[in-house]
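The structure appears below as structure tokens.
We did not get these values from a lab; they are worked out from the coordinates using the rules stated. Source: prediction; values computed, not measured. Methodologically, a virtual Cβ is constructed for each residue, glycine included, from the backbone with ideal geometry; neighbour enumeration extends over all protein chains shown.
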Amino acid sequence: MAIQNPYPWGPPYGGPPPSPVNIPAKDVRPRRIWYVVAALLGLVLAGAGIAFIVVAGKSIVDSIDTAHSFSSGDSRTFRFVQGETKAIYVSQSGQGHVVCRIPQMRSGSMTRPSSTFRITLGSRTWDRVLEVKPGSSGDYTLTCTSELPAEFALGDKPRVGDTVGSIAVGIGCFIAALAATVTITVVTAVRRGSHRRRLAAASAPPPQWGAPQQWGAPPSGPGPWPPAGPMS
């Protein structure tokens with residue numbers, strides 16, 4: 001049995017394609033350490049954002065001395081510092097009229113703020129009703145009454161701007177963490193891919209050109225034409 005030639009018209013032009021070049025990951029730049037840098041930077045910024053928000057929340061919670069609150073009609077002695085404004089807060093079920101007095105303090109030291117401020121701590125809601133700016137440091141007795149059953153407490157003057165600013169900085173840290181992590185990761189991946197392709201192109205072997213195409217011998221056997229002779 002005759003063995004047929006798989007390439008009756010000669011070998012194919014060129015040859016088999018070269019195998020892909022394997023580039024070690026350690027040779028590709030930038031290094032993969034930048035992925036770790038992106039993750040660590042994101043964690044640091046996110047942690048800073050959490051810290052700013054926690055500090056802002058804690059400052060609000062600690063702004064009212066609820067541990068030394070007193071009921072309507074009672075009195076309590078507090079330490080006041082000259083030039084440091086304190087606020088008087090009330091917790092009551094409605095809008096009862098509030099009256100507070102500090103007999104030892106000079107007239108005009110206690111004022112009613114022009115704006116309202118309300119904060120909820122636990123199951124109680126506290127409203128700022130008065131502010132006190134003492135002319136001298138010392139211990140003063142505070143007495144407060146209301147038309148409704150109420151609890152009173154002394155606290156710090158609200159610093160809404162500082163609180164909002166801290167929360168805004170915290171949110172900004174979260175946004176920066178996301179943006180920095182995504183940017184570094186994407187840029188590193190794109191640059192590594194481009195560098196890998198350049199290394200592969202530089203390390204690829206030269207193309208192997210095959211022999212030029214040749215016409216093979218005509219197939220043996222009788223030709224496909226009709227035999228010579230008169231046509232019937």
(request) Provide the gained length on full extension for the span H195 to D162, in nm with one decimal, where the gain is 0.36 nm per separating residue minus the Cα-Cα distance. (result) 7.1 nm
(message) Sort 87-98, 69-80 by the packing proxy (mean of other Cβ within 10 Å over each peptide's residues), most packed first.
(response) 87-98, 69-80
(request) Would you list which lysines come within 21 Å of K86, measuring only between C-alpha atoms, while excluding same-chain residues fewer than 8 positions from it? (result) K58, K133, K157
(request) In nm, give the distance between the simple-model label positions of R29 and L178, each being 7 Å from the Cα along the Cα-to-Cβ direction. (result) 3.4
(request) List every residue whose amide H lies under 5 Å from the amide H of A150, counting only residues 5 or more places away in sequence or on a different chain, with H placed 1.01 Å from N in the peptide plane. (result) S72
